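Bear in mind these aren't lab numbers, they're just calculated from the coordinates by the rules spelled out. On a predicted model such as this, the values are computed, not experimentally measured, just so you know. Every residue, glycine among them, receives a Cβ derived from its backbone with ideal geometry; neighbour counts consider all protein chains shown.
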Amino acid sequence: MKKSMKRRKMFDLSKIPNDLCPVATDFIVMDTGSWRSERPVVFRSKCVKCGTCWAYCPVQCILEKPTWFEADLGFCKGCGICAKECPHNAIMMIEERE
């Protein structure tokens, strides 16, 4: 499994007063989708763009496309909630391959 992490500064640390103790001045962007065992596949012909998958996704990794929705696989955990909740059975979970 490949982990990709990028460090980004949230703000200029020189602007923090000396009498404050800053919390979370740096954060890491992680590729959290790298540990899933299954991934969602959207059948575009079945998707009516109702947004149910988007509404139920616990990590909000569902992206809107012109006529369908799909998961951002960089953040998707593979929980399968989108597939279970889709009223049109337009999403299927398939085994993730290395």
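Fewest first, what order do SER37, SER14 take by the number of other Cβ atoms within 10 Å?
So the residues, fewest neighbours to most, are SER14, SER37.
At a 10 Å Cβ-Cβ cut-off, how would you order PHE69, PHE75, fewest neighbours first?
Ordered from fewest to most neighbouring Cβ atoms within 10 Å, PHE69, PHE75 come out as PHE75, PHE69.
Mind sorting GLU95, GLU38, GLU85 by how few other Cβ atoms lie within 10 Å of their own Cβ, fewest first?
Listed from fewest to most nearby Cβ atoms, that is GLU95, GLU85, GLU38.
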